[in-house]
Amino acid sequence: MTDYAKGLEGVIAAETRMSYIDGQKGILEYVGIPIGELASKGTFEETVFLLWNQRLPNRDELAEFARNMHAHTGLPAGMTNRLLALPMQAHPMHVMRTMISALSMHDEDPNNIELDAVRDKAMKILSRAPTIIAYFDRYRRGLPLIDPKPDLDFAHNFLYMLNGAEPTEAMARAFEICMITHADHGLNNSTFTARVIISTLSDIYSALTGAIGSLRGPLHGGANEGVMRMLWEIPTVDDVEPYILGKLERKEKVMGFGHRVYKAHDPRAAELKKLAGQLARDTGNEELYEKSTRIEQVMERAVGSRGIYANVDFYSATTYHCIGLKLDLFTPMFVLARLAGWSGHILEQLADNRLFRPKAAYVGPHDQPYTPIEQR
Ligand code: ACO
């Protein structure tokens, strides 16, 4: 059989000007800027502008961009009614996938794939996504919906709509850093999905809907829920070592570790670790953080030499928990951030499109007789 790259590992299938990853050295840059720089100094609005324009905005440009983003946070009335008709027990990732898809039906020209039109749609979708998830969460908790406040930035507004009170600065900043660090990451599975779909010249709603479906999987964005379940399952810090070593012995994956690309420390994990530690202290969740750092130590000793380190999902779990988010909202938070990256990739794909159509190596039999049904 001909050689091929199972899972497309190592295959370069597209060009991007947005994020650069050196998995051996543990480097991630957005348009050349190290992620640590952006996470410690930038805002989410600025990061989205950077990804979509491949440069940082000046003050006026940023003000205009942010105004535009915050102006579209309201949902069309039909969307709110649809949301209030959803089963309350639905998983928020299924809600996100369905409602982002449903936004297409409130767009008079959903199939327009001219670049300016797609950019405009991307902005509206990104603005409305936090409202969708906050409304759904309050609806299922039996609480009144809280309308977005266009004078708040992305992070403050989302936490305000979710909790009914403006967040502390530390929480809003922690959430914003999660958004910045999750915004884009090369040709990961969900981004690839978005590019594959748009490469047929389909529409942005279809591409983003497919990407959300991809992100939901436990080997991709769903891992942060798995991390939290693991942290709850381990009774105390002293139980960490036997728990983790037992998992490794049974050849079970430890959620939040390992990466297809990074074989060194994931630079996003370092930023999130700092945040998680601070928030854990602020919110009385020290034990959770201690368990996390102990897990990291045990894993580093056991499998670090094989290039398996904590990934972005590991410390985002503690961070989200300390912010007060329920477990099933963790992966939807990844969606909020990654909509920026997916949309940027959709624009890049449309600007220089080539239909994705790889081949499969056929490994079945040949020249088989057609056996009549009564003889099978
Ligand atoms: N725990 C224990 N062992 C691991 C882990 C882990 N988290 N990750 C990889 N390994 C081991 C595998 O068991 C395998 O061992 P073997 O060679 O003895 O069979 C070896 O490392 C290679 O693992 P693969 O799964 O083949 O490597 P791949 O490149 O596909 O791994 C992946 C990437 C899927 C992310 C994997 O590390 C994993 O499943 N991690 C846990 C889930 C997770 O945290 N996903 C989030 C990724 S980040 C993101 O999507 C934002």
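General observations
- Toward the positive end of the charge dipole of the chain, with +1 on the Cβ of Lys and Arg and -1 on the Cβ of Asp and Glu, the farthest Cα among His366, Pro150, Pro167 is that of His366.
- Assigned charges on the beta-carbon of Lys, Arg, Asp, Glu; the chain dipole about Cα centre (debye): 740 debye
- Whichever lysines have a C-alpha closer than 21 Å to that of Lys247, once near sequence neighbours (fewer than 8 apart) are set aside: Lys263, Lys291
- Trypsin sites (Lys or Arg not before Pro) within segment 13-57: DSSP coil, no more than 15 neighbouring Cβ in 10 Å: Arg17, Lys25, Arg55
- For segment 15-21, 3J(HN,Hα) per residue [Karplus equation, 6.51 cos²θ - 1.76 cosθ + 1.60, θ = phi - 60°, Hz, x = Gly/Pro]: 9, 9, 10, 8, 10, 10, 10
- Electrostatic tally near Ala269: other residues with Cβ closer than 13 Å to its Cβ, Lys and Arg +1, Asp and Glu -1, net -2.
- When nucleic acids and ligands are ignored and a 1.4 Å probe is applied, Glu166 ends up with an accessible area of around 100 Å².
- Taking each of Lys253/Lys359; Lys251/Lys326; Lys6/Lys253 in turn, the alpha-carbon distance tops 27 angstrom for Lys253/Lys359; Lys251/Lys326.
- Choice from Pro110, Pro148, Pro130 showing the highest fluctuation, given a GNM over the chain with Cα pairs closer than 10 Å: Pro110
- Selected from Glu64, Glu29, Glu296 as most flexible by GNM, with the chain as the system and alpha-carbon contacts under 10 Å: Glu64
- Long-range HN-HN contacts of Phe257 with modeled amide H, under 5 Å: Asn311
- Taking a ≥ b ≥ c as the square roots of the eigenvalues of the alpha carbon gyration tensor, segment 223-322 is oblate, as a/c is not under 1.5 and a/b does not beat b/c.
- Fraction of the pair-distance distribution of segment 112-186 above 16 Å, Cα-Cα pairs, percent: 57 percent
- Couplings for segment 56-72, taken from phi via the Karplus curve 6.51 cos²θ - 1.76 cosθ + 1.60 with θ = phi - 60°, read 6, x, 7, 4, 5, 4, 5, 4, 5, 4, 5, 4, 4, 5, 6, 6, 9 Hz in order; Gly and Pro are left as x.
- Highest-fluctuation residue, Glu286, Glu241, Glu252 considered, GNM on the chain with Cα pairs under 10 Å: Glu252
- Dividing the Cα radius of gyration of the chain by 2.2 N^0.38 Å, with N the residue count, gives 1.03.
- Over the residues of the chain, the helix contribution to mean residue ellipticity at 222 nm works out to -17500 deg cm²/dmol, using -39500 (n - 2.57) for each DSSP H run of at least 4.
The values are calculated or read from the model by the stated rules, or taken from the named source; none is laboratory data. Every value quoted in this text rests on a predicted model; they were computed, and no experiment measured them. Cβ atoms come from the backbone with ideal geometry, glycine included; neighbour counts cover every protein chain shown. Quick note on the areas: whole protein, heavy atoms, side chains included, nothing else; ligands and nucleic acids left out. Shrake-Rupley method; radii C 1.70, N 1.55, O 1.52, S 1.80 Å.
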